[in-house]
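K.L.:
Just passing along the structure, written as structure tokens.
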Amino acid sequence: MSDTGNARTSSDWYRMLANGRIGGPLSRQLGLPRPAQLRRYRPGQSLTDGPVRLATAGTGKLADHVLTLPEVDQVVEPDARLGALVLDATGLDTLHELSVAQELLGSGIRRLRPCGRVLVLAGTPEQAGDITAAAARQALDGLIRSVAKELRDGATANLVQVSTEAAPADTDSTVRFLLSARSAYVDGQVVRVGAAGSAGGASPDTDAGAPPHAGRVVVVTGSARGIGAAIAEVFARDGATVVCLDVPAQGEALAATANRIGGLALQLDITTPDAADRLSEYVTGRLGGVDVIVHNAGITRDKLLVNMDDARWNSVLAVNLRAQLELNAALLAPETPLRTGGRIVSVASTSGIAGNRGQTNYAASKAGVIGMVRALAPRAAGQGITVNAVAPGFIETEMTAAMPFGTREAGRRINSLHQGGEPVDVAETVAWLAEPGSGGVTGQVVRVCGQSLLGA
Ligand SMILES: NC(=O)c1ccc[n+]([C@@H]2O[C@H](COP(=O)([O-])OP(=O)(O)OC[C@H]3O[C@@H](n4cnc5c(N)ncnc54)[C@H](O)[C@@H]3O)[C@@H](O)[C@H]2O)c1
């Protein structure tokens, strides 16, 4: 039986209508989009909703390793309905092999179950041996992004580009995440995996069967509510001790979140001059250091640029960008509280990639975050620390619920899954990037947007 289902009741009336007994046939007849009920993670759930077929285009270098994942099988019955199709294209270097990949994907996709997964593993174009190989590898990018747009019923397609230095095991956390229900709203993305080096490794004080963040200390800024609260919940579910941080004005909601997950509440405005020192002292004094910092706190103060006043511009830049730069500097300083193998994950936005009318301040701050992540990643690598960003698209929160009806509906539908994401979708993506096993993923920006047309 399918275990498709949403963790909380969505406010998306159209999705409910289009999946109903009367609305379903009507929306089909009118050719309207039919947003599927996405399969989201529940404890004890199988990795995929159905068997995983592994195919190879060219001489795949990872196929043997992928087969060691317990749920993957190369000899799935030919007419079986698939939970996922994995294509090992790490040896793909010619246009003939590209055509083979196209055929394998075409035949496999027909057999996908609702909310199925298409995952292609390939080499990086920059490391190809010749120009044709570089072109063939890059061609997969366009192929997969288009496949993602053609898939129906909540299925997704993503591409993982694996560098030649990466060990097969360095790809595990990414392959598992993209196959699982945890990546419900991650679609049409290209993720790079390199060698984990000193950024890899297991959680401290844990055994192989322990949850991924057991024994780790995680700080989540802006976690009194919304996406931040969901991030704190997912880390607590996965075994971490979570420090929930928010402004004093949100004290009550902050305490409620921290109590719910058995975490700690820290009232702190991250824009105050002593914020970095206070956070460092808190985590060092109480917890002996920190393993993960999630920069989630963010604000909007929208106005067209011609009407933008200093207060709007400065406040958005201060919370969304300057505070992150200052906290990172403090956390990475000599005698750093951020431990070796640490993780920095920033919450950016698709507005920072595509731009958005009325959001010059917000988009500038979020694009700045992306610039910070890319510049910081190679510098932090020496300390075994990874730095990544997630860029959410339209997420169902109090902020988006307050939008005018037309804007909200447009925001929900202009993506390949024809619906908004849930805060938990961002949270699961952040938690994957912060896993001890994700040491090979750094300097990346992963969009959690259902393949939004904005900035596509
Ligand atoms: N909701 C969406 O659709 C969406 C889309 C893209 C990106 N994002 C980003 O996701 C993040 C969370 O968004 P949300 O929708 O949950 O917003 P939200 O307003 O519900 O939550 C943001 C939290 O940050 C806190 N905060 C603000 N200023 C702070 C400061 N100076 N110090 C400490 N905490 C502070 C707030 O008090 C609040 O609890 C933000 O960075 C936002 O830009 C959201």
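The values are calculated or read from the model by the stated rules, or taken from the named source; none is laboratory data. Values in this document were obtained by computation on a predicted structure and should not be read as measured data. Because the Cβ atoms are built from the backbone with ideal geometry, glycine has one as well, and the counts that use them run over all protein chains shown.
K.L.:
For the range 281-319, what are the residues that are out of contact with any strand residue (DSSP E or B) (no Cβ under 9 Å at 6 or more places or on another chain), surrounded by 14 or more Cβ atoms within 10 Å (Cβ to Cβ) and among the polar types (S, T, N, Q)?
P.N.:
Asn314, Ser315
K.L.:
Out of (1) of a type outside the set (S, T, N, Q); (2) farther than 19 Å from Gly188 by Cα; (3) touching a residue at least 24 places away in the same chain (Cβ under 8 Å), what's the single condition that is false for Gly443?
P.N.:
(2)
K.L.:
Among the residues of the range 76-95, are any surrounded by 13 or more Cβ atoms within 10 Å (Cβ to Cβ), at pLDDT below 90 and not in a strand (DSSP E or B)?
P.N.:
Yes - at least one qualifying residue is present in the range 76-95.
K.L.:
Let me ask something additional. State whether one or more residues within the range 415-424 are in the same structural domain as Gly341 (by TED's automatic domain parsing), on the phi > 0 side of the Ramachandran plot and more than 8 Å from the ligand (Cβ to nearest atom).
P.N.:
Residues of the range 415-424 in the same structural domain as Gly341 (by TED's automatic domain parsing): 415-424.
Now restrict to residues that are on the phi > 0 side of the Ramachandran plot: 418.
Then drop every residue that is not more than 8 Å from the ligand (Cβ to nearest atom), which leaves 418.
The answer is yes, given that some residue of the range 415-424 is in the same structural domain as Gly341 (by TED's automatic domain parsing), on the phi > 0 side of the Ramachandran plot and more than 8 Å from the ligand (Cβ to nearest atom).
K.L.:
Next question, about the same structure. Check the range 393-401 and report whether any residue there is under 16 Å from the mean Cα position of the chain (by Cα) and under 23 Å from Met372 (Cβ atoms).
P.N.:
yes
K.L.:
Could you tell me which of the residues Leu159, Leu179 is surrounded by 21 or more Cβ atoms within 10 Å (Cβ to Cβ), touching a Ser or Thr at 6+ places or on another chain (Cβ under 6 Å) and at pLDDT 95 or above? Reasoning before the result, please.
P.N.:
On the way: Leu159 fails: touching a Ser or Thr at 6+ places or on another chain (Cβ under 6 Å).
Only one candidate qualifies: Leu179.
K.L.:
Just checking, does the range 359-371 include any residue being in contact with a strand residue (DSSP E or B) (Cβ under 8 Å, 6 or more places away or on another chain), modelled with pLDDT of 95 or more and surrounded by fewer than 20 Cβ atoms within 10 Å (Cβ to Cβ)?
P.N.:
Yes, the range 359-371 contains at least one residue that is in contact with a strand residue (DSSP E or B) (Cβ under 8 Å, 6 or more places away or on another chain), modelled with pLDDT of 95 or more and surrounded by fewer than 20 Cβ atoms within 10 Å (Cβ to Cβ).
K.L.:
Another question about this same structure. Go through the range 223-241 and count every residue that is more than 18 Å from the chain's Cα centre (by Cα) and crowded, with 24+ Cβ neighbours inside 10 Å.
P.N.:
Restricting attention to the range 223-241, the residues satisfying the condition of being more than 18 Å from the chain's Cα centre (by Cα) are 224-225, 239-241.
The next check asks that each one be crowded, with 24+ Cβ neighbours inside 10 Å; those that pass are 224, 240.
Adding up the residues that qualify gives 2.
K.L.:
A further question follows. Looking at Asp187, is it charged (D, E, K, R), outside the structural domain of Pro334 (by TED's automatic domain parsing), crowded, with 24+ Cβ neighbours inside 10 Å and more than 15 Å from the ligand (Cβ to nearest atom)?
P.N.:
Details: charged (D, E, K, R): yes; outside the structural domain of Pro334 (by TED's automatic domain parsing): yes; crowded, with 24+ Cβ neighbours inside 10 Å: yes; more than 15 Å from the ligand (Cβ to nearest atom): yes.
Yes; evaluated as a whole, the condition is true for this residue.
K.L.:
Another one. Looking at this structure, is Glu335 on the phi > 0 side of the Ramachandran plot and among the acidic types (Asp, Glu)?
P.N.:
Working: on the phi > 0 side of the Ramachandran plot: yes; among the acidic types (Asp, Glu): yes.
Here the answer is yes, as Glu335 does meet what is asked.
K.L.:
On to the next question. If a residue has to be closer than 30 Å to Ile293 by Cβ and under 17 Å from the mean Cα position of the chain (by Cα) to count, how many in the range 402-417 make the cut? Break it down into steps so the answer makes sense when it comes.
P.N.:
Going residue by residue through the range 402-417, those that are closer than 30 Å to Ile293 by Cβ are 402-403, 411, 415, 417.
So of that shortlist, the ones also under 17 Å from the mean Cα position of the chain (by Cα) come out as 415, 417.
Number satisfying all stated conditions: 2.
K.L.:
Now for a separate question. I'd like the full set of residues that are in contact (Cβ under 8 Å) with a residue 40 or more places away in the chain and within 23 Å of Phe177 (Cα to Cα), limited to the range 136-149. Explain how you work it out, then say what you get.
P.N.:
Residues of the range 136-149 that are in contact (Cβ under 8 Å) with a residue 40 or more places away in the chain, as a first pass: 136-137, 139-141, 143-145, 147-149.
The answer is Arg137, Leu140, Asp141, Leu143, Ile144, Arg145, Val147, Ala148, Lys149.
K.L.:
Further, regarding this structure: Do we have any residue at all in the range 98-113 that's in contact (Cβ under 8 Å) with a residue 12 or more places away in the chain, surrounded by 18 or more Cβ atoms within 10 Å (Cβ to Cβ) and charged (D, E, K, R)?
P.N.:
yes
K.L.:
For residues that are modelled with pLDDT under 90 and either touching a Cys at 6+ places or on another chain (Cβ under 6 Å) or near the ligand (Cβ under 9 Å from one of its atoms) (or both), tally how many sit in the range 377-410.
P.N.:
Total satisfying the criteria: 3.
K.L.:
Is it true that Leu317 is within 15 Å of the ligand (Cβ to nearest atom) and either closer than 30 Å to Asn356 by Cα or of a type in the set (A, V, I, L, M) (or both)?
P.N.:
Numbers: within 15 Å of the ligand (Cβ to nearest atom): yes; either closer than 30 Å to Asn356 by Cα or of a type in the set (A, V, I, L, M) (or both): yes.
Yes.
K.L.:
Hey, could you check the range 148-177 for residues that are touching a Phe, Trp or Tyr at 6+ places or on another chain (Cβ under 9 Å) and assigned to a helix (DSSP H, G or I) and say which is nearest to Phe394 (Cα to Cα)? Explain how you work it out, then say what you get.
P.N.:
Of the range 148-177, the ones touching a Phe, Trp or Tyr at 6+ places or on another chain (Cβ under 9 Å) are 156, 173-174, 176-177.
Now drop any that are not assigned to a helix (DSSP H, G or I), which leaves 173-174, 176-177.
Numbers: Ser173: 25, Thr174: 23, Arg176: 24, Phe177: 21 Å.
Out of the qualifying residues, it is Phe177.
K.L.:
Hey, another quick one. Looking at the range 341-363 only, could you name the residues that are closer than 26 Å to Asp274 by Cβ and more than 10 Å from the ligand (Cβ to nearest atom)?
P.N.:
Matches in the range 341-363: Gly342, Arg343, Ile344, Val345, Asn361.
K.L.:
Only residues that are surrounded by 14 or more Cβ atoms within 10 Å (Cβ to Cβ) and either of a type in the set (D, E, K, R) or touching a residue at least 60 places away in the same chain (Cβ under 8 Å) (or both): list them for the range 384-398, please. First the steps, then the outcome.
P.N.:
Going through the range 384-398, the residues surrounded by 14 or more Cβ atoms within 10 Å (Cβ to Cβ) turn out to be 384-397.
Correct list: Gly384, Ile385, Thr386, Pro392, Gly393, Ile395, Glu396, Thr397.
K.L.:
Of all residues being assigned to a loop (DSSP other than H, G, I, E, B) and among the polar types (S, T, N, Q) in the range 40-75, which is farthest from Thr164 (Cα to Cα)? Just the residue, please.
P.N.:
Taking the range 40-75 first, the residues assigned to a loop (DSSP other than H, G, I, E, B) are 40-51, 59-62, 67-71, 74-75.
Now restrict to residues that are among the polar types (S, T, N, Q): 45-46, 48, 59, 68, 74.
On the way: Gln45: 33, Ser46: 30, Thr48: 28, Thr59: 14, Thr68: 20, Gln74: 24 Å.
Filtering first and then ranking leaves Gln45.
K.L.:
Select from the range 339-361 the residues that are under 16 Å from Arg447 (Cβ atoms), hydroxyl-bearing (Ser, Thr, Tyr) and more than 15 Å from the chain's Cα centre (by Cα) and list them in ascending order. Before the answer, list the steps.
P.N.:
Within the range 339-361, the subset under 16 Å from Arg447 (Cβ atoms) is 345-356.
Narrowing further to those that are hydroxyl-bearing (Ser, Thr, Tyr): 346, 349-351.
Matches in the range 339-361: Ser351 only.
K.L.:
Here's another thing I want to ask about it. Which of (1) surrounded by fewer than 19 Cβ atoms within 10 Å (Cβ to Cβ); (2) of a type in the set (Ser, Thr, Tyr); (3) touching a residue at least 60 places away in the same chain (Cβ under 8 Å); (4) within 16 Å of the ligand (Cβ to nearest atom) is the odd one out, the single condition Thr271 does not satisfy?
P.N.:
Of the numbered conditions (1) surrounded by fewer than 19 Cβ atoms within 10 Å (Cβ to Cβ); (2) of a type in the set (Ser, Thr, Tyr); (3) touching a residue at least 60 places away in the same chain (Cβ under 8 Å); (4) within 16 Å of the ligand (Cβ to nearest atom), the odd one out for Thr271 is (3).
K.L.:
Going by what's in this entry, would Ala133 be described as under 15 Å from Val191 (Cα atoms) and touching a residue at least 40 places away in the same chain (Cβ under 8 Å)? Let's see the steps before the verdict.
P.N.:
Details: under 15 Å from Val191 (Cα atoms): no; touching a residue at least 40 places away in the same chain (Cβ under 8 Å): yes.
No: the conditions fail for Ala133.
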